[in-house]
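Comments concern the structure below.
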């Protein structure tokens, strides 16, 4: 009987122990760890979201970059001046509103002379002296027409040459020339009487006599070319 009681008590004790163990395992396997992991995952997700939000704030930097780009575009738009005007201003010509002041016809003393180097090459030098009170630019090609004895006039084409900066202080001179081949046959069809000159970037024309002693023009006025101005210094 005593043995039976001891056995029964041992069985009850073993059952209680097994029950407690089962309960302890149930707690360890509960959703607390999962919940904790889920919270950590949520925190991580929130952290990622925050990082993304911070990354998203980079759009401000992008906007700044866009703003910089716009600023560069505005800076680039400041190049509206033409080459002659910029070059003239850099060489001391007076400016008005950012543009160089070109020499006016009324301020220039202009004349023409024969400057042919030999009997085959015809050259007419046309000199323009700044008689004004301010520095000005005569850079570029003058407009030239040659008037004939039949009272017609022909425009002269430009020679293949790049304009040179021609800035004139008061009293300075600029020169440009007409070039052609001299006709030695005595049968030239061109009989020039006058040279009509319009200074570069001007609209007013002066009428000059064809230089005495200049060689006759071979092939007509279409063979004559005008070249850009340059200083005499």
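The values are calculated or read from the model by the stated rules, or taken from the named source; none is laboratory data. Note that the coordinates shown come from a computational prediction; the quantities given were computed from them, not determined experimentally. A quick note on method: Cβ atoms are made from the backbone with ideal geometry, for glycine too, and the neighbour counts reach across all protein chains shown.
Values for this structure:
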| quantity | calculated |
| --- | --- |
| Of all residues making up the range 151-202, the number that are surrounded by fewer than 16 Cβ atoms within 10 Å (Cβ to Cβ) and touching a helix residue (DSSP H, G or I) at 6+ places or on another chain (Cβ under 8 Å) | 2 |
| Any chance residue 140 is at pLDDT 95 or above and closer than 17 Å to residue 214 by Cα | no |
| Flag for residue 212 being surrounded by 19 or more Cβ atoms within 10 Å (Cβ to Cβ) and farther than 27 Å from residue 164 by Cβ | no |
| Wholly enclosed strands (runs of 3 or more DSSP E) of the range 138-233 bearing at least 3 residues within 38 Å of the chain's Cα centre (by Cα) and closer than 17 Å to residue 119 by Cα | 173-181 |
| Any hit, the range 99-106, residues being at pLDDT below 95, surrounded by fewer than 20 Cβ atoms within 10 Å (Cβ to Cβ), part of a strand (DSSP E or B) and out of contact with any strand residue (DSSP E or B) (no Cβ under 8 Å at 6 or more places or on another chain) | yes |
| Residue check, residue 126 touching a residue at least 12 places away in the same chain (Cβ under 8 Å) and within 21 Å of residue 212 (Cα to Cα) | yes |
| Number of the exception - residue 88 against (1) part of a helix (DSSP H, G or I); (2) at pLDDT 95 or above; (3) crowded, with 16+ Cβ neighbours inside 10 Å | (2) |
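Every residue, every condition in (1) farther than 21 Å from residue 218 by Cα; (2) touching a residue at least 24 places away in the same chain (Cβ under 8 Å), yes or no:
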residue: 121; (1), (2): no, yes
residue: 146; (1), (2): no, yes
residue: 152; (1), (2): no, no
residue: 172; (1), (2): yes, yes
